[in-house]
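Report on the structure given below.
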Amino acid sequence: MKGNALNEFMSDLYYNPEKEIVCYGARYIISGFSDETGESYTLQVCTIEEDPKMLFAHTSKNRSECVAAFEEAKIFNGKTVYEAENDIEVLFG
């Protein structure tokens, strides 16, 4: 991973999940937000392109469940963040 250490990248998903990355030539935005009540949290990954697509979203009362779901999701050309680690460049965040 370029631009972040993997452990820093994953830790940020709990506390400051605004990240822009490039992987296999595609650009992605990773963001997290709480609902109006502050009771549930959503972590999501979308493409950055003319017609953006949401590739991943997980909502839970527990942020760690959202991050765990992200860790298992095969978002990056059918690979998890760990499998694609060497091909990820963090541009922001």
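The values are calculated or read from the model by the stated rules, or taken from the named source; none is laboratory data. No experiment lies behind these values; they were computed from the predicted model shown. Note that each Cβ is placed from the backbone with ideal geometry, even for glycine, and that neighbours are counted across all protein chains shown. All accessible areas refer to the heavy atoms of the entire protein, side chains included, with ligands and DNA or RNA removed. Shrake-Rupley method; radii C 1.70, N 1.55, O 1.52, S 1.80 Å.
If you count the DSSP beta bridges with both ends in the chain, what percent of them are antiparallel, to the nearest 5?
Working: 23 of 24 bridges.
About 95 percent, rounded to the nearest 5.
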Q. Could you give the angle, 0 to 90 degrees to the nearest 10, between helix 63-72's Cα long axis and the longest principal axis of the Cα atoms of the chain?
A. 30 degrees
(Q) 5 Å is the cut-off here: which amide hydrogens, built 1.01 Å from N in the peptide plane, fall below it relative to residue 55, excluding neighbours closer than 5 in sequence? (A) 45, 46, 47
Q) How many percent of the accessible area of the chain is carbon or sulfur, using a 1.4 Å probe? A) 46 percent
Q: May I ask for the angle, rounded to the nearest 10°, between helix 6-15 and the longest principal axis of the chain, with both axes built from Cα atoms and the value confined to 0 to 90°?
A: 30 degrees
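Give me the 1.4 Å probe accessible area per residue for the chain, excluding ligands and nucleic acids, in Å². List each step's numbers first, then the result.
Numbers: 5320 Å² over 93 residues.
Roughly 57 Å² per residue, with all protein chains present.
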Q) Counting only protein chains, not ligands or nucleic acids, how are 54, 1, 10 ordered by accessible area (probe 1.4 Å), most first? A) 54, 1, 10
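Give the calculated FRET efficiency between residue 36 and residue 61 to the nearest 0.05, with a Förster radius of 22 Å applied to their Cβ-Cβ distance. Write out the running numbers ahead of the final one.
Values: r = 14 Å, r/R0 = 0.65.
In this case the efficiency is close to 0.95.
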**Q.** Inter-label distance, nm, simple model (7 Å from Cα along the C-beta direction), residue 46/residue 86
**A.** 3.2 nm
Q.
With n ≥ 4 as the cut-off for DSSP H runs, can you work out [θ] at 222 nm for the chain, using -39500 (n - 2.57) per run divided by the number of residues, rounded to the nearest 500?
A. -6500 deg cm²/dmol
Q) Where the centroid of each part is defined by its Cα atoms, how far is segment 25-39 from segment 66-84 in Å? A) 15 Å
Q) Could the peptides 31-39, 72-80 be put in order, highest first, of the mean number of other beta-carbon atoms found within 10 Å of their residues? A) 72-80, 31-39
**Q.** Whole-Hz ³J(HN,Hα) from phi, Karplus 6.51 cos²θ - 1.76 cosθ + 1.60, for segment 31-45, glycine and proline x
**A.** 9, x, 7, 9, 6, 4, 8, x, 8, 10, 10, 10, 10, 9, 10
